[in-house]
Amino acid sequence: MIRAFRAEMAGIFRDRQVLMIVVLALAIYGLIYPAPYRPELLRVVPVVAVDLDGGESARDLLRRIDASESVTLTARLTDMAAAERAVQSRDAYGIVLIPQGFERDLLSGRPSPIAVYGDASYFLVYQKVLSGMAIPVRQMGATIAAGRLMAGQQLDAETATALASPAQLVEVPLFNPSGGYATYVLPAAFVLILHQTMAMGLALVAVRRRPSPAPVARQLAGRVLAWLVIYAALLPLFLVALPRAYGLPWLGDLRLLAALGLPFVLATGLMAQLIAALLKRTEVIQPVLLAMGLPLFFLSGFSWPIEAIPPALQAIAAAIPAVPMIDAYTRLASMGATGPELATAIRHLWILAALFGLGAALAARSARPSQG
Amino acid sequence: MRGIAHVARRELSLIAGHPALIWLTLILPLLLLAVLAAVFLRGIPTDLPFAVVDLDRTETSRSLSRMLEATPELTTHPALSLSEASDDIRAGRARGAVLIAQGFERDLLDRRRPEIVLFYDNQHMTAGAIAARGARGAINSFIGGAQMGMLRGQGMDTTGVAALVQPVPMQIHPLFNPAFSYIDFLLSAVVPAVVQIMAAAAVTYALALDFARPATGGAPPMLALSRQAGGVLPAMLGKLIPYTLIFLVVIGLADLVLFGVLEVPLRGSVALLLIGAVLFVIAAALIGGLAYLLMRDFGLAISGVAMMLAPAFGYMGIGFPREAMPALARWWSDLLPGTWYLQLRIDQTLRATPRDLSLTPLLALLAITAGLAVLVLVRLALMQRRALDGGAP
C-alpha cells in the first residue's frame, strides 16, 4: 500500500505533463475562467431614448428611467433607425420610444402608451432593461392615476393612491441579490475545473503506470491515500480560498465541504482509473475529457435548469461526480445549505465512489500480471 | 499542387485507418453537439417548483394562490412558514416563494395597500428569473383584477377604468428573440465552441503522428513527407486541408439540423456565414498546429490547447456581452477565432444584423487566420533551418 502511495505520488509529481495538468492548469484556469466576469459589471445597462414628443412629461419619464437602478440613458436619438442601429452594434441594449402626442393624450386623460424595445439576445441584460423601464413607468402611471382619481372622483389622496395601486409587489432576489454574473457562474466553474484537471491528470498517471503484481485492493488504497493527501490541500485552496479572493459569498460550513469533498475526490479519482482502463491511450484521454467540459457545464443544471433537461440525459449526467458536486457546492457556498439539505448529494457521491471503485478494481484485476 | 494533393490523400487514408482520428474529427464532435442539442430540446422550462406561504387563508389569498398555480411556469406547493419556504429554496425543492401576510384581505379592503412579497433564487439565475417572471405576471393580474373590482365599486364604468388603471401602458418588444427562447442562441453558440477545441485537438494529434519519432526508430515521417511534397509548406498544407474540410462538414451537418430540423431562424447572409466558417476552421486548425510545432510534444501541446480553448466559451459573449467584460478579458476574447465566428453566426442568423456591421467579425477572423499562418510558417522555417544546420537529412 505504501508502495502504491509512493508510486502514485511519483506518477503525479515526476511527470511534467501530469504536474502541468494537476497543478499548473488548475492555477491558470483559476485565473482565466473568472476574468470575463471579474468586475461583475453590467449592473447598469446602457439604453437609448427616442423622444418624438419632447414635452415636459416625456422629459420627466426619461429622467426617471435614467435614475433607475438597472439602466442608464446614454443617448437621445431623433429616429428609430438610429436607435436600432445602436442596438445592432451593441452600443445599447434597449430603446424607449415616446411617441408624438404623448403629453397631449396624458393631459386629456386618454391612455398614453410608450414602447420599449429590449435586446433579448442576452437573457440577463433583457431582464435589466425591462425592470429598469417598467418600474419608473409604473410609478409615473400610479402618480398620474391617483391624480386623476382625486380630480375626477373627488377622493382624498390616500384613497386615490390605494385605488391606483391597491397592493404592492415587493421582490426579494435571494442569495445573489445584485444579480452578479460572477457569483452565478464561478462556483460551478471552479468545481468543473477541479473535476476536469483531476480526472485528466489521474487518468494519465493510470495509463502510464506499470502493472504491479501487488493485490488490487492495496494498490487502490495506496492511490486513494495519495489523492486525499494532495486534494486535502488543493480542494480547499480552490473551493474556499479562491472564491474568497474573488469576493464571492461564502456561507458554507467547512465540515460540510469536507463531507462533500471526500467522496467527490474518491469518485473522481476512481472514475479516472476506469477512464484510463477504457481509453488506454494518453492521446485519446486528453481530447475526450477536454471535449466533455462544455456538455458537463450545461448538464450540471446550474445554468440551464435541471427541470428542463430530458430525464434520460439527467440519468447519464448523474454518473459524473462533477454534476452532483456542482449543485451541492453551489448550495453550500452561496446559499448556506445545511447538512440535511446536502444529505442526498453526499449519498450520491458515495454511491458513485463505490461503483467506480468496484469498476476500477475489476479493471485492475484483469490487467494485473499473473504471478509466478 | 500535386505535392499538396499527395499529402492530403495520404492524410485521408491515415484518418480512415485510424479509429482515434475518426473519433476525434467526426464522431466525438457530432456526439457532443447532439448531446448539447438534446439538453435544450425540451424548450423553455415550465412547471418550476414554487412555494406559496399563505398566512392569510381567506378567499382573497386563496384566489391569488390559484392564479399562481395556473401559471404555466410554476407548479406550486404550500409552505407553512417563510422559513419552510426558504429551506425549500436552499434545498432546490422550490425556485421561489410568495408570502401573503396575515390580514392581507382585510388590508386590501381597507385600502391600506398590503404587500405581496415575491422571493426567488437568484443564485440559479435562469431558473429563478423564469419562476419570478411567471409569479410576477400572476400577481400583477391579481392586483389588476382587485383594482377593477374596487373601481367598479366606486361607481365607475369599464371604459373610464382603462385609462385610469394604466395611464402609461408599456408596449414591450423583445428584439431579435420574439419567442423569448434562449435555445436558439445556445444551440448556435455550441457549434463554434465544440468545433474550435476539437479541430485544434485533432490537428495537434495529426501532427504528433507525423512529427514524432516512430517507436520503431528512424526519422519522423514528416521529413519523408516534405521531400515527397516538395517542401515543408506543401506538406503542411496537405495535412491541414483534410481537417479543414472535415470540420466544415461537421459544421455543415450541425447547421443542417439547426436550421433545417430545429428551425432556428436564418435571417442573414449565407455567403457571409460560409466565408466566416472557412476562416474560423482554418484558424482553429492552425492553433492546434502552432501548439504542436512550438511544444514538439503531444502531451504538452494538447495541454496548451486546453488552457487556451477550454475556457473560451466564457469569453465568447453568449449570455454575457463582451462589451461588458474588463479590458484584459476582452482583448483575450478578441484573439480567439471562436469569439468572432460566434458573433457572425448570431448576427447573421438571429439578429438580422446589417451586412456592413458584420464586416468587423469577418476582418477579425481574417487577421487571426493570417497571424496564425505567419507564426506557423516562421516556426516551420526555423525548424527547417535547424534541421539543416544539424545536418539532419
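All of the numbers you see were taken from the coordinates with simple rules; none came from a lab. Because the structure is a prediction, the values reported are computed rather than measured. Backbone-built Cβ (ideal geometry, glycine too); neighbour counts: all protein chains shown.
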Item to complete: For each of A:ILE12, B:ILE100, count neighbouring Cβ atoms within 10 Å of the residue's Cβ, then give the residues from fewest to most.
Response: A:ILE12, B:ILE100
Discussion item. Could you work out [θ]222 nm for the protein assembly as shown from helices alone, using -39500 (n - 2.57) per DSSP H run of at least four and dividing by all its residues? Round to the nearest 500 deg cm²/dmol.
Written reply: -21000 deg cm²/dmol
Fill in: Rounded if a/c under 1.5, otherwise prolate or oblate - the stretch A:238-287, Cα gyration tensor axes
oblate
Item to complete: Provide a whole-number value for the mean count of partner chain Cβ atoms within 10 Å of the Cβ atoms in peptide A:122-131.
Response: 5
Worksheet, complete the sentence: Hits in the stretch B:307-338: amide N under 20 Å from the 7 Å Cα→Cβ extension of A:THR74, namely B:315-334
Worksheet entry | the stretch B:1-93: radius of gyration and largest Cα-Cα distance (Dmax), Å | 27.8, 86
Worksheet item: Reported to two decimal places, what Rg/Rh ratio describes the stretch B:84-175 when computed on Cα atoms with Rh from the Kirkwood expression?
Response: 1.07
Fill in: nm² value of the averaged projected area, convex hull over the Cα atoms of the protein assembly as shown
36.0 nm²
Worksheet item: Given R₀ = 30 Å, FRET efficiency for B:GLN154-A:GLN100 by Cβ-Cβ distance, to 0.05?
Response: 0.35
Response to the item:
Relative contact order as a percentage, chain B, C-alpha pairs under 8 Å and 6+ apart, gives 18 percent
Worksheet item: For A:ARG43 and A:ALA157 in the same chain, what is the full-extension length gain: residue separation times 0.36 nm, less their Cα-Cα distance, in nm?
Response: 37.5 nm
Worksheet item: Using unit Cβ charges (K, R positive; D, E negative) and no other charged atoms, how large, in debye to the nearest 20, is the dipole of the protein assembly as shown about its Cα centre?
Response: 3420 debye
Item to complete: Using the Kyte-Doolittle scale, find the helices of chain B whose mean hydropathy is at least 1.0 and whose Cα atoms extend 27 Å or more along the helix's long axis, counting only whole DSSP H runs.
Response: B:183-211, B:232-255, B:270-295, B:359-389
Worksheet, complete the sentence: So, relative contact order of the stretch B:48-165 in percent, Cα under 8 Å, 6 or more apart, is 28 percent
Fill in: Convex hull of Cα atoms in the stretch B:127-170, direction-averaged projection (nm²)
3.4 nm²
Worksheet entry | Approximate spin-label separation A:ALA217-A:ALA232, in nm, with each point projected 7 Å along Cα-to-Cβ | 2.3 nm
Item to complete: Write down the Å³ per residue value for the convex hull defined by the alpha carbon atoms of chain A.
Response: 168 Å³
Item to complete: Post the alpha-carbon centroid distance, the stretch A:19-80 to the stretch B:96-160, in whole angstrom.
Response: 29 Å
Discussion item. If a paramagnetic tag sat 7 Å from the Cα of A:ARG63 along the Cα-Cβ line, which residues of the stretch A:91-133 would have the backbone N under 17 Å from that point?
Written reply: A:103
Discussion item. Calculate log10 I(q)/I(0) of the stretch A:45-164 for q = 0.19 Å⁻¹, where I(q) comes from the Debye formula with a single equal point scatterer on each Cα and nothing for solvent.
Written reply: -0.97
Worksheet item: If the label point is 7 Å along Cα→Cβ of B:LEU109, which residues in the stretch A:154-168 have backbone nitrogen under 19 Å from it?
Response: A:159, A:162-163, A:166-168
Worksheet entry | Relative contact order computed over the stretch B:242-362 (Cα-Cα under 8 Å; 6+ residues apart), in percent | 33 percent
Item to complete: Would you please report the Å³ per residue occupied by the convex hull of the alpha carbon atoms in the stretch A:219-353?
Response: 128 Å³
Fill in: P(r) tail fraction, chain B - alpha-carbon pairs more than 42 Å apart, %
36 percent
Worksheet entry | Burial order of peptide ranges A:359-368, A:319-328 (average beta-carbon count within 10 Å, highest first) | A:319-328, A:359-368
